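I have placed the structure first, in the form of structure tokens, so that the comments after it can refer back to it.
The values are calculated or read from the model by the stated rules, or taken from the named source; none is laboratory data. Nothing here was measured: the structure is a model prediction, and the numbers come from that model. Cβ: placed from backbone, ideal geometry, glycine included. Neighbour counts: every protein chain shown. Heads up: the accessible areas ignore ligands, DNA and RNA and are worked out on the full protein's heavy atoms, side chains in. Shrake-Rupley method; radii C 1.70, N 1.55, O 1.52, S 1.80 Å.
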Amino acid sequence: MFLEVTARRNPRLIDAALRFHAEGRLPPNTYVLDLDAIRNNARTLAEAARREGIQLYFMSKQLNRNPQVIAAVAEAGISRGVAVDIDDARAFREAGVPLGHVGHLVQIPRAFLPQVLSWRPEVMTVFSLAHARMVSDAAVRLGLRQDLLLRVASGCFLPGQEGGIGLEELPAVARAIRELPGVRVAGVTAFPCLVAEDGRPVATPNLEAVTRAAALLRDELGMEIAQVNAPSLTCAATLPLLRQAGATHGEPGHAITGTTPLHAVSDQPELPAMVYLTEVSHTYGGRAYVYGGGSYPRGHMQNALVGTALRRAPLHRPAAENIDYYLTLDDPLAREGEPVIAAFRTQAFTARANLALVEGVQQGAPRLAGLYDRANRPLDLTI
């Protein structure tokens with residue numbers, strides 16, 4: 001999905017991955033990240049957000065919640081994170097980066113509420129009055145009052161992510177939540193608010209729903225709604241759309257690595273900063289089998305560059321019902337041990353891949369700045 005644009009806009013990242021592989025310093029099944037490009041992308045996003053008057057919380061799940069990357073993005077100008085679930089929240093906490101928004105996609109379970117509340121996130125999303133009561137009870141026991149975002153349900157969901165409060169029931173739910181002693185309604189959110197269609201950003205019904213919800217709570221209930229959070233497809237190019245729609249907050253994820261769907265079809269301000277390095281394991285029946293573990297069902301994996309000659313060849317993941325121990329490569333010239341480079345949309349936290357960080361790529365002097373296994377433990381290849 002991103003191979004062509006990465007080869008054109010950040011070829012030195014590919015060169016660095018091949019060099020470290022040849023030296024035996026990078027194993028197959030490794031996402032390789034250009035840490036300098038990530039910092040520059042974060043600065044670009046932060047500056048664009050300031051121009052538009054939009055606040056940003058950044059995601060880390062696409063990058064396997066890696067603490068070194070989290071710290072780099074925060075230092076580059078996006079100072080607070082968005083935790084889509086409890087594991088994200090813990091990752092930001094351990095990296096020393098403040099939590100902006102928790103429960104973005106997955107409500108924080110009751111057992112974890114006291115711990116997460118003690119970390120003092122700016123806002124926490126709830127899908128219902130019942131969950132708001134749980135948050136309030138936990139906050140009262142801690143002597144706190146937690147600001148909430150109400151998840152608005154317009155009927156536009158990704159599969160498996162249904163839930164929220166419909167506009168017709170929102171006033172009654174908000175009134176009831178307003179009476180709870182441990183929480184305060186601070187804003188509204190929904191997901192996804194923007195999607196890419198034919199290479200351009202398009203608003204979903206959720207974007208109108210959150211802006212209508214904010215107006216309803218302000219006008220009918222007199223609530224002070226400070227945050228209209230409109231996540232998905234947040235990048236420099238879409239921030240003006242968020243501002244025009246009345247949103248106050250966005251949540252970049254793939255924009256940090258220059259891998260939103262917009263980046264696949266057009267040159268955006270953010271630079272592609274991530275490739276997948278693997279290696280030919282063996283050949284059988286006229287096909288090459290490469291080490292897997294890093295693919296993602298929605299990744300739109302298509303092609304790869306094979307060997308130091310960078311031969312282009314189709315790359316395939318197995319059917320969803322099978323484990324991706326290997327990917328298959330249509331390259332009759334492939335030889336065991338040859339490196340393979342791919343670039344596709346990924347959610348690294350769902351994969352079984354290693355993570356490598358490189359610096360100095362753009363200066364032509366790459367160095368390996370970090371190598372981690374899938375659990376973000378430092379990976380040492382020495383004996």
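Here is how the numbers come out for the structure above:
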| read-out | value |
| --- | --- |
| Single condition GLY103 does not satisfy, out of (1) at pLDDT below 95; (2) open to solvent by 10 Å² or more (accessible area, probe 1.4 Å) | (2) |
| Output for region 226-258, where each listed residue is in a loop (DSSP other than H, G, I, E, B), of a type outside the set (Gly, Ala, Ser) and open to solvent by 10 Å² or more (accessible area, probe 1.4 Å) | LEU233, THR248 |
| Neighbours by Cβ (under 7 Å, 6+ apart or cross-chain): first from region 247-276, modelled with pLDDT under 95; second surrounded by 24 or more Cβ atoms within 10 Å (Cβ to Cβ) | ALA264/PHE2 |
| Selection from region 1-59 of residues that are in a loop (DSSP other than H, G, I, E, B), within 20 Å of GLU359 (Cα to Cα) and open to solvent by 20 Å² or more (accessible area, probe 1.4 Å) | GLU23, GLY24, ARG25, PRO27, PRO28 |
| In region 198-223, the residues that are open to solvent by less than 40 Å² (accessible area, probe 1.4 Å), touching a helix residue (DSSP H, G or I) at 6+ places or on another chain (Cβ under 7 Å) and within 27 Å of ARG184 (Cβ to Cβ) | LEU207, THR211, ALA213, LEU216, LEU217, LEU221, MET223 |
| Residue count for region 329-350, restricted to those that are touching a strand residue (DSSP E or B) at 6+ places or on another chain (Cβ under 8 Å), farther than 11 Å from ASN66 by Cβ, in contact (Cβ under 8 Å) with a residue 60 or more places away in the chain and not aromatic (Phe, Trp, Tyr) | 6 |
| Residue list for region 345-365, filter: of a type outside the set (S, T, N, Q) and open to solvent by 20 Å² or more (accessible area, probe 1.4 Å) | ARG345, PHE349, ARG352, GLU359, GLY364, ALA365 |
| Among (1) open to solvent by less than 30 Å² (accessible area, probe 1.4 Å); (2) within 13 Å of VAL183 (Cβ to Cβ); (3) in contact with a Lys or Arg (Cβ under 9 Å, 6 or more places away or on another chain) - the single one LEU113 does not satisfy | (3) |
| Residue tally, condition among the polar types (S, T, N, Q), surrounded by fewer than 21 Cβ atoms within 10 Å (Cβ to Cβ) and either assigned to a loop (DSSP other than H, G, I, E, B) or without any contact (Cβ under 8 Å) to a residue 60 or more places away in the chain (or both), over region 282-325 | 4 |
| Out of GLY164, GLY160, sole residue that is out of contact with any Leu (no Cβ under 6 Å at 6 or more places or on another chain), at pLDDT 95 or above and at positive phi | GLY164 |
| Residues of region 177-197 classified as open to solvent by less than 70 Å² (accessible area, probe 1.4 Å) and either closer than 18 Å to ALA214 by Cβ or touching a Gly at 6+ places or on another chain (Cβ under 7 Å) (or both), total | 12 |
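Results for (1) in contact with a helix residue (DSSP H, G or I) (Cβ under 7 Å, 6 or more places away or on another chain); (2) part of a helix (DSSP H, G or I); (3) among the hydroxyl-bearing types (Ser, Thr, Tyr); (4) open to solvent by 60 Å² or more (accessible area, probe 1.4 Å), shown as yes or no for each residue.
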site: ILE108; (1), (2), (3), (4): yes, no, no, no
site: THR125; (1), (2), (3), (4): no, no, yes, no
site: CYS156; (1), (2), (3), (4): yes, no, no, no
site: GLU162; (1), (2), (3), (4): no, no, no, yes
